[in-house]
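Heads up: the structure comes next, in structure tokens.
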Amino acid sequence: MMLKLIAMGNVLMRDDGIGIFIAKAMENEWKKRGIEVIYGETDFGYCITKVNDFDNVIILDAGSYGKAPGDITVIPINNYTPGSNGCTQHSFNLLDVLKLYCPNLKGDILAIEVKEIAFGFGLTPRLQEKKEEIISGILHYLDLSGERREINERRIWNKEYHQPISERNQLL
């Protein structure tokens, strides 16, 4: 079992590329922690070839849950169901295929709330301003031990709505 990060997003669609931009900004951190990074962008087929059934994955992607731009919503992969509240632009096909071919896969989706998805290269100024805060939130998430992370996920999923990572911190 290996921990892998799948970075999703289209860098030509403004904030939709946040998963790619953040993954690249954190490359040294991933290497230091022994996390294999898969830059899937919009090609979920490529991602599937890099994941094994018993891997632990983190999917880093743009999300739209009606929260403030830059908020991180943590969704355990095992709790994900297509058509649930909110959406990530690439997760539906990727998660459906992951669940089909890797039923024992564990991990989380880290959905970073977007401001705007439209044609254009680079992040909106609002997300650009929040980049360090987003990185800090992801580092905090990584610092949680596996057991502690699972306990928090069970508490959060007893609520009706997915909670941003900032609210997860209150449960520690």
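Only the coordinates and a few stated rules stand behind these numbers; no lab work does. Computed from a predicted structure; not experimentally measured. Cβ: placed from backbone, ideal geometry, glycine included. Neighbour counts: every protein chain shown.
The table that follows gives values for the structure above.
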quantity: For the stretch 3-64: relative contact order, % (alpha-carbon pairs under 8 angstrom, 6 or more apart); calculated: 53
quantity: Residues with amide H under 5 Å from that of Ile6, placed H, sequence gap 5 or more; calculated: Ile38, Ile58, Ile59, Leu60
quantity: In Hz, Karplus ³J(HN,Hα) per residue of the stretch 54-65 (6.51, -1.76, 1.60; θ = phi - 60°; x = Gly, Pro); calculated: 9, 6, 10, 10, 10, 9, 9, 8, 6, x, 9, 10
quantity: Gain on full stretching of the segment that runs from Lys32 to Asp96 - 0.36 nm per residue minus C-alpha separation; calculated: 20.0 nm
quantity: Charge context of Ala25, other residues only, Cβ under 11 angstrom, K/R +1, D/E -1; calculated: -1
quantity: For Gly120, distant residues with modelled amide H under 5 Å away; calculated: Met13, Arg14
quantity: Residues Met8, Met13, Met26, Met2 arranged by fewest to most Cβ contacts within 10 Å; calculated: Met2, Met13, Met26, Met8
